[in-house]
Structures are given as C-alpha cells and as structure tokens.
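Let me begin by presenting the structure, written as structure tokens, before commenting on it.
The values are calculated or read from the model by the stated rules, or taken from the named source; none is laboratory data. Nothing here was measured: the structure is a model prediction, and the numbers come from that model. When we count neighbours, we look across all protein chains shown, and the Cβ atoms used for this are built from the backbone with ideal geometry, even at glycine. Side chains included, ligands, DNA and RNA excluded: accessible areas come from the protein's heavy atoms. Shrake-Rupley method; radii C 1.70, N 1.55, O 1.52, S 1.80 Å.
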Amino acid sequence: FLSLLPALVTIVVAFALRKVTWALFLGVVVGSFIAASSASLFPKELLHYLILCFSNFERNMIILFILAVGALLEILRASGAFERFAEYVIHYLDKPQKTRVATFVISLILFFDDYASILISATSMRSVAAKQRIPKVYLTYLIDNTATIASGAVISTWAAYEGSLMVDAGKMFGLEHTSTEYMVRMIPYNLFIYLLIFFAFVSAF
C-alpha cells in the first residue's frame, strides 16, 4: 500500500487542485517521507529525490522538449492562430463526426511523441470541438488514447526511451540486441495499445 501512496496522492491532488506541478511535487514529498527511516532523515531524503528528478539527462531533455512545444503553442494561442484555424476548418468539419475523425487522424499522425501529440492535437482541435459541442471529456479520451501510438510505434521518442531501458536490462542476461530489435519483438505484446487506438477509432465514427 505504501508504494502506491505517492501515486495516489499525486492523482488526488491533480484532480482536486488541477495543478499538475504541485501534484507531482507532493507525490515526491510523500515518497521521500516513506523512504526516510525517521522524521529527522526526511529533509535529506527529499533533497536526494528532488536532485534525482533533475539529474537524469534523458528526463531533462524530455522536460526541455515539452517546454519548447508548450512555449510554441502559447505563442500561437496569443497570436490568435488557433481561432483562425478553427474558423478555416469549421467549413470542412461541419459535423461532430467529421471533427472527431479529424482529431483522431491528427493525433495518429503525431506518432513521433506522445507529449507533442496531446499538446498539439488538444490545442488545435479544442476550439473546433467546442463549436461542434463535443464534450471536453470525450476530446480528452480520444486524444489521450490515440497518443499511445507513440509507445506502439517502432520509431518515436517513447520507443527510443523504452528501447534504451531494455538494452540496459538485457545486458544483465547476456543479451546483445539493439533498441530497435527489442521494439520490433515487442509488437505482439502491445495488444493493449492497439486496442486503445481501435476503440478510439470506432468511437470517433
């Protein structure tokens, strides 16, 4: 139960405050408190895990990438580009079904990264979906499920990360495969991902 507590706190706080950064921080705080053998060692453990969060090169690259995409989207929002985009495509996406399918296709095209897929698809289609009275909760479901293609695709940022983990783990057992070989061999085991995408496709229609 204690191992699940940090994740549980993070989820509850995210829903309650709608502040993801605070939710993640509090999750780390709770995890550090659990890891500490006594209250006096808690500050040391917290500092250790906070440093650990930002000392991993790959993790920092992901953070920088998300910040860069987020900054670009904010510039586009401030310029009114998304409103113009909505005004333009609304003539072609004149029915909720067309809008849902278009959202699915856009999310699927952005297979190279799950974060970028969610950020770009959601920001681009939010205004159009609102005009078609498509619920935000459904839009979230559709985009989030379709974004899982980043894990199922052999070529993506997430696949590269997963592959690197498997290469390191495989060396412990004397396996010498590349990350691409691991990802190709994993295709039959990604059934859950393909089912998510299939249900998103069906629901869009």
**Request:** May I ask for the Rg/Rh ratio of segment 59-205, computed from Cα atoms with Rh as the Kirkwood radius, given to two decimals?
**Result:** 1.06
**Request:** Mind running the shape call on segment 1-73? Use the C-alpha gyration tensor, a ≥ b ≥ c as the square roots of the eigenvalues: rounded below 1.5 for a/c, prolate if a/b tops b/c, oblate otherwise.
**Result:** oblate
**Prompt:** At a probe radius of 1.4 Å, what is the per-residue accessible area of Ser79, in Å² to the nearest 10?
**Reply:** 80 Å²
**Asked** Where in segment 1-55 are there chymotrypsin sites (Phe, Trp or Tyr not before Pro) that are in a DSSP coil and have at most 15 other Cβ atoms within 10 angstrom of their Cβ?
**Response** Phe1, Phe54
**Request:** Rounded to whole Hz and in sequence order, give me ³J(HN,Hα) for segment 89-104 from the Karplus expression 6.51 cos²θ - 1.76 cosθ + 1.60, θ = phi - 60°, writing x for Gly and Pro.
**Result:** 7, 4, 5, 8, 9, 8, 10, x, 4, 4, 5, 5, 5, 4, 5, 4
**Message:** Under the 0.36 nm per residue contour assumption, what length would be gained going from the current alpha-carbon distance of Ser3 and Lys44 to full extension?
**Reply:** 12.8 nm
**Request:** Quickly work out the Leu175-to-Phe199 label distance, labels modelled 7 Å from Cα along the C-beta direction, and quote it in nm with one decimal.
**Result:** 2.8 nm
**Item:** the chain - percent relative contact order, Cα under 8 Å, separation 6 or more
**Value:** 15 percent
**Prompt:** What is the magnitude of the charge dipole of the chain about its Cα centre, with +1 placed on the Cβ of each Lys and Arg, -1 on the Cβ of each Asp and Glu, and no other charges, expressed in debye to the nearest 20?
**Reply:** 740 debye
**Message:** Helix-only mean residue ellipticity at 222 nm, the chain, DSSP H runs n ≥ 4 weighted -39,500 (n - 2.57), per residue, nearest 500. What is it?
**Reply:** -24500 deg cm²/dmol
**Request:** Kindly give Rg over Rh for segment 42-116, based on alpha-carbon atoms, with the Kirkwood expression for the hydrodynamic radius.
**Result:** 1.20
**Request:** Round to the nearest 0.05 the FRET efficiency obtained for Val154 and Leu52 when R0 = 35 Å and r is the Cβ-Cβ distance.
**Result:** 0.70
**Complete:** With a Förster distance of 45 angstrom and the Cβ-Cβ distance between His91 and Ile11, calculated FRET efficiency to the nearest 0.05 equals 0.65
**Prompt:** How many Å² of accessible area per residue for the chain, probe 1.4 Å?
**Reply:** 65 Å²
**Asked** Carbon and sulfur: what percent of segment 110-205's accessible surface (1.4 Å probe)?
**Response** 70 percent
